[in-house]
Amino acid sequence: MGLCMLRNFCSAVVFVSAFSLLTGCGGGGSTSGGTGSPGTGTLTASSTSLTFPVTAVGSTSAVQTVSITNTGSASVTISGITSSDSNDFPIISNTCSNGTVLATNSFCTLTIAFKPATTTGYSASITITSNASNPTQTIALIGTGPIPQATLSASTITFATINAGTTSASQNVTITNGGTGPLTIASVVYAGTNPDQFIESSTCAAGSLAANATCTITATFAPTQTGTFSATVTVTDNALGVTGSTQIVTFSGTAVGPLVSLSPTGLSFASTLNTASAAQTVTLTNNGTAADAITSISLTGTSAGLYTITSNNCGSSIAIGGNCTVSITFTPTATGTFLAALSVADSAPGSPHTVALSGVGQTALAPIATLSGTTLSYPNTVPGSTSSPMSVTLTNTGAATLNIASIVLGVTNPVVFTQTTTCGTTLAANATCTISATFSPATTTSYTATVTLTDNNNNVANSTQAITLSGTGGSSTYHTLYVIPMSDNSVTPLYALINNATKTIDMTMYALEDTTFTADLVAACKRGVTVRVILDQNNEKSGNTSAYNSLNAQTGCSAVWANKAFSVTHEKSIMIDGTIDVVMSLNLQSQYYSTTRDYALVDNDANDYSADEATFAMDYAAGTPASGVAGTSDFSYQPGGGTDLVWSPTTAGADMMAIINNATKTLYIECEEFSAKTSPYDIVDAVAAAAQRGVAVVLVGENESNSYTSEYATIKAAGATVYYYSSSTGFYVHAKSVVADQGTAQEAVYMGSINYSNASLTANRELGVYILNNTAVSNPLAATLKATTIADESQPGVTHY
């Protein structure tokens, strides 16, 4: 054949005479047979823009193909292909690579897909360069990842006004995911000013809400008192692809009607027999917004007949803001304890309202056996060793002699409890004696026993009172946490530690004003124990002077004023006999034992004892003794950490930040001071950040004179729950404790003297413990904080922020 067979390179065919001639092959000839200018190549894309459908994150869309055709009159050489985003728009196949030559009317292809990494919109482009007359070809690429949305059917729900003590119909708010991707719900938190006045439920649990799906938040207004109340539900999710987005629904309602309080809520009558007691009075007050209609006022209970309503001025109703009184007497006809109740039926919520009545029938000369406690629970004790003794005080609070027939310890097998007593066969009126016992476990198991006291209590022959003993044989290392206030409003276990010391007692104490504790230390010196004490002088010298003088006046005892290099020596620790280490948040001030939340941890960890003792030796040497000659400052000394110890001003800041920053699920905090906001120990913002990342943060604190209102507001705005006390005459949160991720593998606990303040972290001598996975410490700490928020929320001076 006479045809030029170079692939697609012929540009024209001309027939001359009888010969078939092919001209312009490869070079682009002219149909006139002359030598005109060569032809030109032109590239044309089948599409200049590709739009991909919405594609799930991490998935790959269906591919789309673009053809690049040479529509010109000369061949074209492709010199390059570049993509502005090859990750999210991968090129699956490509026949248009660098150097590809396209003859006239020939083409190459690009096959492209969309693979989004996040829920957002994407745009990119592919650029093709060549020697064509139009040397640059651009193909726009457009794609969208699935974007969730969260739309509330309403953001505010106002309930109709109802009477206090009743319950409204429920109202719903629907959350709709109108987006193209799943809505991830991180949390649904019910909070606000008065959450206890509403009942909330939700189908919007943490998890995923599919596109176009809905969930429902339901609330019911159930006020227990009159007034205007509000609460919120905060849903945290990833709406519009933004992690941490929130949708907030506010519920509000007003309750009206009567609201009656009775004061006091219980009456205890003095002991008497066949003679009416002095009358006692109950006051009914209407604090509501409507008059309270009284149906009846009566006495109820098995012993109601022994009580008499001697006066009642309440009538048939109590006006708004009004009050009335009911007086009652008690006339027992036999010995014993008799219970009844005053019952008020009315139109106020909670009807009938009751006041508990209790009285004791006895002869004028009856003895009364009163025990200071009925249980003795011993700390974990190493098998083969003996605990410190624990005691119960027996007091004859009657007017006649108590005859004690026997005090008997029920024996366990093996014998692990040993009982002693100072009680004889009789106990005079108003006199006391003690019943004591020690615990010596044989193995690592739990033991119980009972001490039974037989006497003539209340003139009843062979009357019995029982004391239950319990203890567990612990491992070679034990940790025992004591929660203050204790049941006897004292620090009995700490007294016992001092009174049972046989060799040495070393103590560092910010405030030592408990005269019993000082007397016990002096008594220890008298029996041959070496006692050394460091007392703060920068803040507490006046309060510590009496103890300082008493100790230095006794042979074997010595006290020094703490090293003045520290702003304050705020540490509270005791080391006993080379084995027992005590770390506390507690000051030894007996006037606060019954009204202050504090903790004391007793352990026998040898590493902790050694590190604590070494630091004590340095601080003691740098103190000021009775001679007045101060030792050399040891401010630069680096205390050892032992197994669990945290020291200020060296490791405290970093450890406090770590326990907060590492929390992933829960963070329970009790703190007297909450003001640290200086880098690198910005505690306030670290707690807020924990709440923002989904950690359930609960803080119980002290806010005397509104000292920390702004700091509490910061963490509350981040999602934390805050309770605080502000009455200097009531309960006081002096504790410093943290429980992070309780019950998980990463559980961590802090307790000690270190406050969340800049001075405490960087300038004071402080000591605490940082313990991992120890339920003996974490469980009582967490339980105490939870009980405080539940039981004390309604008490005077407590605010649920």
Of all residues in region 773-801 being under 27 Å from residue 705 (Cα atoms) and among the β-branched types (Val, Ile, Thr), the one that is modelled with the lowest pLDDT:
790
Only one of 310, 337, 325 is within 27 Å of residue 224 (Cβ to Cβ) and part of a strand (DSSP E or B); which?
325
Search region 103-127 for residues that are at negative phi and pair each with any residue that is open to solvent by 20 Å² or more (accessible area, probe 1.4 Å) and aromatic (Phe, Trp, Tyr) when their beta-carbon atoms are under 7 Å apart and the residues are at least 6 apart or on different chains.
103/9; 116/122
For region 179-199, indicate whether the set of residues that are farther than 30 Å from residue 143 by Cβ, surrounded by fewer than 16 Cβ atoms within 10 Å (Cβ to Cβ) and touching a Cys at 6+ places or on another chain (Cβ under 8 Å) is non-empty.
no
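If you check 208, 271, which single one turns out to be open to solvent by 30 Å² or more (accessible area, probe 1.4 Å), without any contact (Cβ under 8 Å) to a residue 40 or more places away in the chain and assigned to a strand (DSSP E or B)?
When all the criteria are applied, what remains is 208.
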Filtered residue count, region 452-495, keeping only those that are under 31 Å from the mean Cα position of the chain (by Cα), assigned to a loop (DSSP other than H, G, I, E, B) and at pLDDT 90 or above
5
What's the total number of residues in region 427-473 that are in contact with a Leu (Cβ under 7 Å, 6 or more places away or on another chain), more than 12 Å from residue 403 (Cβ to Cβ) and either crowded, with 20+ Cβ neighbours inside 10 Å or not polar (S, T, N, Q) (or both)?
7
Given the residues 684, 697, which is the only one that is open to solvent by less than 50 Å² (accessible area, probe 1.4 Å), in contact (Cβ under 8 Å) with a residue 40 or more places away in the chain, outside any loop (DSSP other than H, G, I, E, B) and among the β-branched types (Val, Ile, Thr)?
684
Residue selected from region 408-426 under the condition hydroxyl-bearing (Ser, Thr, Tyr), open to solvent by 30 Å² or more (accessible area, probe 1.4 Å) and part of a loop (DSSP other than H, G, I, E, B), by the criterion farthest from residue 492 (Cα to Cα)
425
Flag for residue 776 being among the aliphatic types (A, V, I, L, M), over 22 Å from residue 682 (Cβ atoms) and touching a Leu at 6+ places or on another chain (Cβ under 8 Å):
yes
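When you look at residue 359, is it within 24 Å of residue 490 (Cα to Cα), open to solvent by less than 40 Å² (accessible area, probe 1.4 Å) and in contact (Cβ under 8 Å) with a residue 60 or more places away in the chain, yes or no? Walk me through it before giving the result.
Details: within 24 Å of residue 490 (Cα to Cα): no; open to solvent by less than 40 Å² (accessible area, probe 1.4 Å): yes; in contact (Cβ under 8 Å) with a residue 60 or more places away in the chain: yes.
Considered against the rule, which asks whether it is within 24 Å of residue 490 (Cα to Cα), open to solvent by less than 40 Å² (accessible area, probe 1.4 Å) and in contact (Cβ under 8 Å) with a residue 60 or more places away in the chain, residue 359 comes out as no.
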Select from region 318-346 the residues that are open to solvent by less than 60 Å² (accessible area, probe 1.4 Å) and of a type in the set (Ser, Thr, Tyr) and list them in ascending order.
325, 327, 329, 331, 343
Where residues in region 132-159 are surrounded by fewer than 17 Cβ atoms within 10 Å (Cβ to Cβ) and within 35 Å of the chain's Cα centre (by Cα), which of them is nearest to residue 290 (Cα to Cα)?
158
Quick test of your reading of the structure: residue 69 fulfils all but one of (1) of a type outside the set (D, E, K, R); (2) at pLDDT below 75; (3) surrounded by 13 or more Cβ atoms within 10 Å (Cβ to Cβ); (4) touching a strand residue (DSSP E or B) at 6+ places or on another chain (Cβ under 8 Å). Name the failing condition by number.
(2)
Please identify the pairs in which a residue from region 611-632 that is among the aromatic types (Phe, Trp, Tyr) has its Cβ atom under 8 Å from the Cβ atom of a residue that is open to solvent by 40 Å² or more (accessible area, probe 1.4 Å), counting only partners at least 6 apart or on another chain.
616/532; 620/532
Mind checking which residues of region 274-298 are closer than 22 Å to residue 318 by Cβ, out of contact with any Leu (no Cβ under 6 Å at 6 or more places or on another chain) and open to solvent by 30 Å² or more (accessible area, probe 1.4 Å)?
279, 281, 283, 285, 289, 290, 291, 293, 295, 296, 297, 298
Within region 239-263, track down each residue that is outside any helix (DSSP H, G or I), touching a Gly at 6+ places or on another chain (Cβ under 8 Å) and of a type outside the set (Phe, Trp, Tyr).
250, 254, 255, 256, 257, 258, 259, 260
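Mind checking which residues of region 386-407 are among the polar types (S, T, N, Q) and open to solvent by 20 Å² or more (accessible area, probe 1.4 Å)? Step through it out loud before you land on a result.
From region 386-407, those among the polar types (S, T, N, Q) are 386-388, 391, 393, 395-397, 401, 403, 406; that's our starting set.
Within region 386-407, 386, 388, 391, 393, 395, 397, 401, 403, 406 meet the criteria.
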Selection from region 106-131 of residues open to solvent by less than 20 Å² (accessible area, probe 1.4 Å) and among the aliphatic types (A, V, I, L, M) yields 110, 112, 113, 124, 126, 128
From the list 648, 707, 679, pick out the single residue that is open to solvent by 60 Å² or more (accessible area, probe 1.4 Å) and either in contact (Cβ under 8 Å) with a residue 12 or more places away in the chain or within 27 Å of residue 611 (Cβ to Cβ) (or both).
707
Do we have any residue at all in region 218-236 that's over 24 Å from residue 168 (Cα atoms) and either touching a residue at least 12 places away in the same chain (Cβ under 8 Å) or open to solvent by less than 70 Å² (accessible area, probe 1.4 Å) (or both)?
yes
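Given the structure, is residue 759 within 30 Å of residue 615 (Cβ to Cβ), in a helix (DSSP H, G or I) and at pLDDT 90 or above? Lay out the reasoning, then the answer.
On the way: within 30 Å of residue 615 (Cβ to Cβ): yes; in a helix (DSSP H, G or I): yes; at pLDDT 90 or above: yes.
Against the criterion (within 30 Å of residue 615 (Cβ to Cβ), in a helix (DSSP H, G or I) and at pLDDT 90 or above), residue 759 qualifies.
Quick one: how many residues across region 378-397 are at pLDDT 85 or above and over 14 Å from residue 473 (Cβ atoms)?
Within region 378-397, the subset at pLDDT 85 or above is 378, 389-397.
Remaining after also requiring over 14 Å from residue 473 (Cβ atoms): 389-397.
The total comes to 9.
Which members of region 762-787 meet the condition of being part of a helix (DSSP H, G or I) and open to solvent by 10 Å² or more (accessible area, probe 1.4 Å)? Please lay out each step first, then the result.
Here is the first cut: in region 762-787, the residues part of a helix (DSSP H, G or I) are 762, 775-787.
Those that are part of a helix (DSSP H, G or I) and open to solvent by 10 Å² or more (accessible area, probe 1.4 Å): 762, 775, 776, 779, 780, 783, 784, 786, 787.
The values are calculated or read from the model by the stated rules, or taken from the named source; none is laboratory data. Bear in mind that the values here come from a model prediction, so they are computed numbers and not experimental data. Virtual Cβ from ideal backbone geometry, glycine too; neighbours counted across all protein chains shown. The protein model used for the area step is the full one, side chains on, heavy atoms only, and it has no ligands, DNA or RNA in it. Shrake-Rupley method; radii C 1.70, N 1.55, O 1.52, S 1.80 Å.
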